[in-house]
Amino acid sequence: MNQKEQARIQVLNSVLEYQLPIAEAAEVIGVSQRHTKRLLAAYRKDGAAALAHGNRGRRPHNAVPEAAAAAVVKLASNHYAGANHSHLTELLREREGIDLSRPTVRHILVKAGLGSPRSRRSPQHRFRRRRMPQEGMLVQIDGSQHPWLEERGPKLVLLLAVDDATGTVAQAVFRTSEDTRGYLVLLEGLVRQWGIPLALYSDRHAAFKYNARRVPVPVETTQFARVIRELGINQIFALSPQAKGRVERMMETFQDRLVTELRLACASTIGEADEALQEFLPRFNAQFAVAAEHFDSAYRPVPDELSLTETICLNETRKVGRDNTVKYHWRVLQLLPGTDRPSYAGLQVNVLERTDGEMLMRYHGEVVDFQEAPQPSSALWGATGNSFSGPELQRVANGVVNSHLNEAQRNLLVALEAADEEGAEVEGVDAKDRGGKGNPIRHSLHRTPTPAQQARWEAVQQAKRQGLSLRSIARKLGMSRVAARKYALAESPPTKKLSAKERAKAESLAESLLAAD
């Protein structure tokens, strides 16, 4: 008998000897008084054997037969040796007709001393990392895309820099996207306010580290990595969000508190959000920052010989063309001759773009003067519109470039425009055909372009303003040169061509107008 049953016998003997009432006996045993009376009656009748469970010694009805268990052990040792428990369960069901669950198969094999051939790594015991002893030894940075302005404004990204020793939010800034420029702005504000930290702890975002599997050799560093290397900051990458949990938890807190603060400040733009953020940070740090273990700060001052604006910036190398121009992000920059060097053609120059948008160009450390280059003639194609004569026809033709209208249709459009200005009617053309939805020519002019047409037209127009040729525009945007010319000449996003039915109706209207003349 087990210890529980022996304890019950002792209590029941006390009841039979009138040393313990039924109520107290039930409380000691841990059952109801009614069940205690049952136990006492069975104990009087059958003795101590009545207290043992009735199924003791019996084989459970759902137990695996010994023959089946022996077959599983034999097959796992010989024919299916090397199969893991899940695979072995499937093989036994499909090929041997032994339908057992995976836990049952595992229980049989473990009992027989056969473990799974697939070794599993035991869970690692993790320790909470202690804070850095000095302020400025480690700064964690991260970005969070969140509806910070809720429904009042655009979606923004908050970039945070949190000191590991004190939990102080050293710098924070709102940006429209999480990119290199935003992190450079964050770093510049951090360095100007506190100094240069010893190390930065971040995830493996593309702004911090090249993540492409195939990269050219030697592997280049990102712009942000170059900046912190020049500042003497150690770059540490976190392999999981939990590794930089301090800034992750801080971001979660800001998603709760800062959203409310922005709502109370009625911020609806990125400028108003930044103002509310800078007013919120001192109050937040005063309430939640903790004291560092050592009072001395590890932030380093900026050296006098280091230009912060020319260090924390985008620095890209460009080759100067034969006409002393360089192309930089859809812009063409004209280099001006210097006193010592009249031409820079064929040389490599560095184009620096500061965080405030100002640009600087250097050659071997020397500043090179430059200006915006004039647009080439190819960028002005179609601007004069010399293919049409007459001011009225020219004005109308500007709105129907690439609409593939013949001469008669263009004459009809000129007459319609003139009639609209004078408020008169055109003979042979009713009001519906003049301006309503039934006018196929006018309707083709006012069709709403698709999002793809709108985006393609805006990209081509931007490239044209920057002085790129049609060949360059077609190559960069991945379209044919004919399509690039079509979008370059159009003053509005071109829509699809007229259908055959619409073209026939337009031609009939033109013929009726010419007959009336």
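Miscellaneous remarks
- Out-of-range pairs (alpha-carbon distance over 25 Å; input Lys319/Lys464; Lys4/Lys45; Lys155/Lys486; Lys155/Lys327; Lys4/Lys37): Lys155/Lys486; Lys155/Lys327
- Distance between the pseudo-spin-label points of His125 and Ser240 (7 Å out from Cα toward the beta carbon): 1.7 nm.
- Selection of GluC sites (Glu not before Pro), the stretch 271-373, meeting DSSP coil and at most 15 other Cβ within 10 Å: Glu293, Glu305, Glu358
- Length gained on full extension, Val302 to Ile22: 92.2 nm, using 0.36 nm per residue less the C-alpha separation.
- Highest-first arrangement of 97-110, 230-243, where packing means the average Cβ count within 10 Å: 97-110, 230-243
- The stretch between Asp256 and His294, if pulled fully straight at 0.36 nm per residue, gains 10.6 nm over its current Cα-Cα span.
- Peptide ranges 462-468, 149-155 listed from the most packed, as the mean C-beta count within 10 angstrom indicates: 462-468, 149-155
- Paramagnetic label reach from Arg263 (point 7 Å along Cα→Cβ; backbone nitrogen cut-off under 19 Å): within the stretch 152-178, residues 152-158.
Taken together, the values in this text are just the output of simple stated rules run on the coordinates, not laboratory data. Just so it is clear, the structure is predicted and the values come from calculations on it, not from any experiment. We place every Cβ from the backbone using ideal geometry, glycine too, and count neighbours over all the protein chains shown.
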